[in-house]
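Bear in mind that the values in this text are calculations on the coordinates, not laboratory data. Just so we're clear, the structure is a prediction, and the values are computed from it rather than from any experiment. Heads up, the Cβs are rebuilt from the backbone with ideal geometry, glycines too, and the neighbour counts pull from every protein chain shown.
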Amino acid sequence: MSSYTENLQRLRGAQKPGAGVPAYTRWINRRLARHVAAAAAALHITANGVTAISAVISLAGLITLVIAPVTWWSGLAVAALLAAGYVLDSADGQVARLTGTGGPAGEWLDHVVDAIRTPAIHLAVVVAVWAHTDYPLWLGGIAIAFALIASGQFMSQILAEQLRAKTDRSVASSEGGGVVKSFLILPNDMGSLCWIFVLWGAIPAFAVAYTLLFAANSIHSIVSMRRKFLGLRKP
């Protein structure tokens, strides 16, 4: 049985490249996930178990968003729960690599949870806007559009990877780039979406920040989808 310290040391030497990865994920989320993965492996929690815990914590954040009163503390609780779920989402793959238990079933489960969680965050905003009448109704429309964009971008990324492997074609990717790029694409980071809820108790500030985040993600998704489509059209 490997200890937490031994697991952490092994994980530090087996990390994915950071180039082209948004800043929060690159320098905060992945580092926190290493510690969680090392502890999970030491406690004999499987990668699928970590995925399940991640889903439950994220669900708790969404329930809090919908039913709790609109205050600074409820917004902070939502942000913290969603961010914790994201850390665990990054940890499950590291547990699988560390324990040598990775496989198609675990990868499938991870992707299914991600495919549900991301649009669910925005749909929870729709419900919360309807439930808390102080929020402007147009914000619900932004949230619905955000859910569609997020789902489309997720499918675009996953499907492009699968088709590239199947056809042995080189498809342009967002990977690559250094520190500057990591900060430029920070609005597209899942961490940015999680922590924007600290503004939930300040209606005007949240509405503006969420709308700007939606605009940034929409532009990024359109550019990314176009690049992948053109890459797959190459003979």
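Of LYS181, LYS228, LYS16, LYS166, how do they rank once you tally other Cβ atoms within 10 Å and put the fewest first?
Values: LYS181 17, LYS228 21, LYS16 13, LYS166 8.
Listing LYS181, LYS228, LYS16, LYS166 from fewest to most nearby Cβ atoms yields LYS166, LYS16, LYS181, LYS228.
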statement: About its Cα centre, the range 4-233 carries a charge dipole, from +1 on Lys and Arg Cβ atoms and -1 on Asp and Glu Cβ atoms, whose size in debye to the nearest 20 is 740
query: Length gain on complete extension for the stretch ARG12 to TRP27, per 0.36 nm per residue less the alpha carbon to alpha carbon distance?
result: 4.1 nm
message: I need MET155, MET225 ordered by Cβ neighbour count within 10 Å, fewest first.
response: MET155, MET225
- line: Between the alpha carbon centres of the range 103-168 and the range 184-222 the gap in Å comes to 14
As computed over the range 4-233, the Cα convex hull volume per residue (Å³): 122
- prompt: By the scheme Lys and Arg +1, Asp and Glu -1, what is the net charge of all other residues having a beta-carbon under 12 Å from that of THR101?
  reply: -1
statement: Under the Karplus relation with 6.51, -1.76 and 1.60 and θ = phi - 60°, whole-Hz ³J(HN,Hα) for the range 209-215, x at Gly and Pro, equal 5, 5, 5, 5, 5, 4, 4
